[in-house]
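Engineer: Mind looking over this structure? Questions follow.
The values are calculated or read from the model by the stated rules, or taken from the named source; none is laboratory data. Everything quoted here is computed from the prediction, not taken from an experiment. Positions of Cβ are generated from backbone atoms using ideal geometry, with glycine treated the same way; all protein chains shown enter the neighbour counts.
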Amino acid sequence: MMAAARDITAQGEIRYDEPMSRHTSWRAGGPAEVFFVPASVEDLAEFLAALEADTPIFWHGVGSNLLVRDGGISGVVISATKMLRQLDRIDHYLVRAGAGVPCTQLARQCIRWKLGPSEFFAGIPGTVGGALAMNAGAHGGETWERVESVRSIDRNGEIHERAPGEYTIGYRSVTGPASEWFLEATFRFDPDAVPSMETMKGMVERRKASQPLGLPSCGSVFRNPPGDHAARLIEGAGLKGYRIGGAEVSEKHANFIINRENASATDIEELIEYVRQTVLEDFGVSLKYEVRIVGELQS
């Protein structure tokens, strides 16, 4: 299967056995069998069209909400964020943003354009593509509340224009056409909403004060259950500071697991499951993952 991938030529960069620890905010994880960084959308489309139909494809953003198991990822990992960085105002209330645009950059530019509500994007780690894929949100705002339309690409290299109605949107979940990945989105903002740089800066400062941002983590590990907060339940279970190997439940924010000391992906995953099971036993609440766990266990 991968012999065919090795025979493909592309304008972008193709690497083999690329450590995914270099490409996740947890700084842990095994290798990608093939890691492709396309040079353009056209390069990406040609690469996809040349792949064999049964080749597994994993679309990678900046790895801010991702745990790659120590056995790595089979098939092809595509990292297209470097070439999906366009950010344009297309009329009074519409903004087009590439999937590789950091959400913080989107927030800042929309505030400069006096387009709101947009401040909440500054509280979302990662890129527009990742925010679209999971309906990321912060400070009372959610990504898909602002989406006017999206462009996606399928595994045959075909590009599609899609409306929000073609997706099922939930809390931190998005379901749409199979085997497609987001290239960009057009966001609509409200004429009566006046954004504030001071408000955004206040959100960022609160985030810095309450989260262990200087240490490798993925952000929130679990979704908040209805009417409650995962961090409150984890702290109530006495798990702040609990460690497995080099992985630790943050003392600063209980819904963060940090790579304290060269943690393996196995350390992190075992700690995630220990936290989930302990909260279930103590409170009867089954926490749902917000982090995405992919790849194979190390043999």
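Engineer: Collect the residues in region 201-242 that are touching a residue at least 60 places away in the same chain (Cβ under 8 Å) and within 15 Å of HIS139 (Cα to Cα), keeping them in residue-number order.
Structural biologist: MET203, VAL204, ARG207, GLY219, SER220, ARG223
Engineer: Out of all the residues in region 24-34, is one or more crowded, with 16+ Cβ neighbours inside 10 Å, more than 30 Å from GLU270 (Cα to Cα) and of a type outside the set (S, T, N, Q)?
Structural biologist: no
Engineer: Determine whether ILE272 is modelled with pLDDT of 95 or more, of a type in the set (A, V, I, L, M), buried (at least 21 other Cβ atoms within 10 Å of the Cβ) and not assigned by TED's automatic domain parsing to the domain that holds VAL77. Let's see the steps before the verdict.
Structural biologist: Working: modelled with pLDDT of 95 or more: yes; of a type in the set (A, V, I, L, M): yes; buried (at least 21 other Cβ atoms within 10 Å of the Cβ): yes; not assigned by TED's automatic domain parsing to the domain that holds VAL77: yes.
For ILE272, the condition - modelled with pLDDT of 95 or more, of a type in the set (A, V, I, L, M), buried (at least 21 other Cβ atoms within 10 Å of the Cβ) and not assigned by TED's automatic domain parsing to the domain that holds VAL77 - is met.
Engineer: Then there's this: Condition first: acidic (Asp, Glu) and under 19 Å from ARG15 (Cβ atoms). Now tell me which residues in region 25-51 satisfy that. Spell out the reasoning first.
Structural biologist: From region 25-51, those acidic (Asp, Glu) are 33, 42-43, 46; that's our starting set.
Within region 25-51, GLU33, ASP43, GLU46 qualify.
Engineer: Could you look through region 263-299, keep only residues that are among the polar types (S, T, N, Q) and within 22 Å of the chain's Cα centre (by Cα), and pick out the one that is farthest from TYR171 (Cα to Cα)? Working first, answer last.
Structural biologist: Step one: of region 263-299, the residues among the polar types (S, T, N, Q) are 264, 266, 277-278, 286, 298-299.
Next, only the ones that are within 22 Å of the chain's Cα centre (by Cα) stay: 264, 266.
Values: SER264: 29, THR266: 27 Å.
Restricting to residues being among the polar types (S, T, N, Q) and within 22 Å of the chain's Cα centre (by Cα), the top hit is SER264.
Engineer: Looking only at residues that are surrounded by fewer than 19 Cβ atoms within 10 Å (Cβ to Cβ) and of a type in the set (A, V, I, L, M, F, W, C) in region 211-236, which one is modelled with the highest pLDDT?
Structural biologist: LEU215
Engineer: Restricted to region 176-200, and to residues that are without any contact (Cβ under 8 Å) to a residue 40 or more places away in the chain and surrounded by 14 or more Cβ atoms within 10 Å (Cβ to Cβ), which residue is nearest to GLY140 (Cα to Cα)?
Structural biologist: Within region 176-200, the subset without any contact (Cβ under 8 Å) to a residue 40 or more places away in the chain is 176-178, 180, 192, 198.
Those left that are additionally surrounded by 14 or more Cβ atoms within 10 Å (Cβ to Cβ): 176, 180.
Numbers: GLY176: 24, GLU180: 28 Å.
That would be GLY176.
Engineer: What's the number of the only condition in (1) of a type in the set (D, E, K, R); (2) free of Cβ contacts under 8 Å to residues at least 40 places away in the same chain; (3) not in a helix (DSSP H, G or I) that GLU42 fails to meet?
Structural biologist: All conditions pass for GLU42, except number (3).
Engineer: Could you tell me whether region 78-86 includes any residue that is without any contact (Cβ under 8 Å) to a residue 24 or more places away in the chain, under 21 Å from ARG151 (Cα atoms) and out of contact with any helix residue (DSSP H, G or I) (no Cβ under 7 Å at 6 or more places or on another chain)? I'd like the intermediate steps shown before the answer.
Structural biologist: In the first step, residues of region 78-86 are kept if they are without any contact (Cβ under 8 Å) to a residue 24 or more places away in the chain; the result is 85.
Retained after the next criterion (residues that are under 21 Å from ARG151 (Cα atoms)): 85.
Those left that are additionally out of contact with any helix residue (DSSP H, G or I) (no Cβ under 7 Å at 6 or more places or on another chain): 85.
Yes, there is a match, as at least one residue in region 78-86 is without any contact (Cβ under 8 Å) to a residue 24 or more places away in the chain, under 21 Å from ARG151 (Cα atoms) and out of contact with any helix residue (DSSP H, G or I) (no Cβ under 7 Å at 6 or more places or on another chain).
Engineer: Let me ask another. Mind checking whether some residue in region 54-64 is in a strand (DSSP E or B), modelled with pLDDT under 95, touching a helix residue (DSSP H, G or I) at 6+ places or on another chain (Cβ under 7 Å) and not assigned by TED's automatic domain parsing to the domain that holds PHE256?
Structural biologist: yes
Engineer: Follow-up question, since we're still on this one. Which residue is surrounded by the fewest Cβ atoms within 10 Å (Cβ to Cβ), if the candidates are limited to region 237-259 and must be closer than 21 Å to LEU66 by Cβ and of a type in the set (A, V, I, L, M)?
Structural biologist: Taking the candidates together, the pick is ILE244.
Engineer: For GLY72, work out the one condition from (1) farther than 27 Å from PHE187 by Cα; (2) out of contact with any Asp or Glu (no Cβ under 7 Å at 6 or more places or on another chain) it doesn't fulfil.
Structural biologist: (2) is the only condition that GLY72 fails.
Engineer: Residues being out of contact with any Gly (no Cβ under 9 Å at 6 or more places or on another chain) and under 30 Å from GLU251 (Cβ atoms): count how many of those fall in region 172-198.
Structural biologist: Number satisfying all stated conditions: 2.
Engineer: Under 24 Å from VAL62 (Cβ atoms), in contact (Cβ under 8 Å) with a residue 60 or more places away in the chain, surrounded by 21 or more Cβ atoms within 10 Å (Cβ to Cβ) and out of contact with any Lys or Arg (no Cβ under 6 Å at 6 or more places or on another chain): does that describe PHE120?
Structural biologist: yes
Engineer: Now for a separate question. Can you run down the residue pairs with Cβ atoms below 6 Å, 6 or more apart or on separate chains, where the first is in region 270-281 and in contact (Cβ under 8 Å) with a residue 12 or more places away in the chain and the partner is assigned to a helix (DSSP H, G or I)?
Structural biologist: VAL275/ILE234; VAL279/LEU233
Engineer: Follow-up. Under the condition of being assigned to a helix (DSSP H, G or I) and hydroxyl-bearing (Ser, Thr, Tyr), which residue from region 190-210 is modelled with the lowest pLDDT?
Structural biologist: First, pick out the residues of region 190-210 that are assigned to a helix (DSSP H, G or I): 197-210.
From what's left, hydroxyl-bearing (Ser, Thr, Tyr): 199, 210.
Working: THR199: 79, SER210: 72.
Ranking the candidates gives SER210 first.
Engineer: Related question: Hand me the list of strands (runs of 3 or more DSSP E) wholly inside region 75-163 holding 3 or more residues that are of a type outside the set (Asp, Glu). Quick ask: steps written out before the conclusion?
Structural biologist: Values: elements: 87-89, 94-98, 147-154, 159-162.
Result: 94-98, 147-154, 159-162.
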